[in-house]
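What follows is one structure encoded as C-alpha cells, with my remarks underneath.
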Amino acid sequence: MKDFYENEADEVIRKACEAAEDAEAEKTAAEPETDDGACAAEPETGAEETAAEPESEAEAAAKAAAAAAAAEEAAEKKEDGKKEKKDPKDQQIEDLKDQVRRNLAEFDNYRKRTDREKAAMFDMGAKNVLEKLLPVIDNFERGLDNVPDDPEAKAFADGMEMIYRQLLKNLEGAGVTPMDCLGKPFDPNYHNAVMHVEDETVGENTIVEVFQKGYMYRDTVLRFSMVKVAN
C-alpha cells in the first residue's frame, strides 16, 4: 500500500513538471508575437493621441470662455439683484438725506432774501426820516445867513450855528452828505434845473447857482439839488 501511494505521488509530481514546462514553452513562443504587436500598435496609439491633443485644447479653450462668460453674467445678475433688492431702510435714509439738503438750501435762500428785504426796509425807513430833517437844516441855513449885526443877536446866532453843526455831524454819521455842485457840470441824475441863463464867463451847461442844496444817502440820492444852469 505504501508503494502505491509513493508511485501515485511521483506520477503527480511528474505531471506537474510537464505542465510547468509546457506553460513555459508556450510563454516563450508567444513573446515575439506580443512584442511585434505592441510595436505595431504603438504608432497608432501615438497618432491617436497627437490627433486628439488639438481637439482637447480647443475644447478646453471653449469651455474656459464659456465659463468666463457664465461667471460674468452671474456677477451682473448678482449686482442687479443687489440693486433691485436694496434695503428699504437704506432707501429711506437716502430720501431723508435728500430732504434735509433741500431744506437747508431753501433755508439759506430764505435767510439771504430776508436779509436783503430787511436792509431795503431799513434804508427806506432811514430815508423817510432823514428827508423830514432836511427842511430843518434848510431853515438853520437861512437863519444863519440873515443874522443882524447886533451883539446880542450874534451870541444867539453862535448858539444856533453850534446846533446846526452838531446836526450835520449826526447826519453825516448816519450816511447823509451834502452835494457840492456849484460850478460843476449839470447832471440830471443828481440835479434839478429850475432856471437857465446865458453867461459867457462860465462854461457850457454849468451850474451857477444853487437854490436848494441836495443830499446823498450813502450811494443814493436823498434829495436832488435845485440849481440854475448857464448856457
Worksheet item: Roughly speaking, what is the stretch gain from M121 to E204, that is 0.36 nm per residue apart minus the C-alpha to C-alpha distance, in nm to one decimal?
Response: 25.8 nm
Worksheet entry | Listed pairs K89/K112; K132/K154; K118/K228 exceeding 30 Å between Cα atoms | K89/K112; K118/K228
Practice prompt. Of the DSSP beta bridges with both residues in the range 124-231, give the percent that are antiparallel, rounding to the nearest 5.
Written response: 65 percent
Discussion item. Pairs of alpha-carbon atoms within less than 8 angstrom and 6+ residues apart define the contacts here; what relative contact order does the range 177-231 have, in percent?
Written reply: 47 percent
Worksheet entry | Calculated FRET value between A153 and D180, using beta carbons and R₀ = 30 Å, to 0.05 | 0.55
Discussion item. Using Cβ contacts closer than 10 Å as the measure, can you line up H191, H196 from fewest to most?
Written reply: H196, H191
Response to the item:
Residue by residue through the range 114-119, the couplings from Karplus 6.51 cos²θ - 1.76 cosθ + 1.60 with θ = phi - 60°, in Hz, x for Gly and Pro, are 5, 4, 5, 5, 4, 5
Worksheet, complete the sentence: Taking 0.36 nm per residue of separation between L168 and R102 and subtracting their Cα-Cα distance, the length gained on full extension comes to 18.8 nm
Discussion item. To check you understand DSSP bridge types, tell me what percent of the beta bridges within the range 177-231 (both residues inside) are antiparallel, rounded to 5.
Written reply: 65 percent
Item to complete: Mind putting a number on the dipole of the range 118-224 about its Cα centre? Charges go on the C-beta only, +1 for Lys and Arg and -1 for Asp and Glu, and I need it in Debye to the nearest 20.
Response: 800 debye
Worksheet item: Quick one: which of 218-227, 134-143, 106-115 comes out on top by average Cβ neighbours within 10 Å, and what's the full order, highest first?
Response: 218-227, 134-143, 106-115
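Just so you know, all these numbers are worked out from the coordinates, no wet-lab data involved. From a predicted model like this one, the values you see are computed outputs, not experimental measurements. Here the Cβ is made from the backbone with ideal geometry for all residues, glycine too, and neighbour counts use every protein chain on show.
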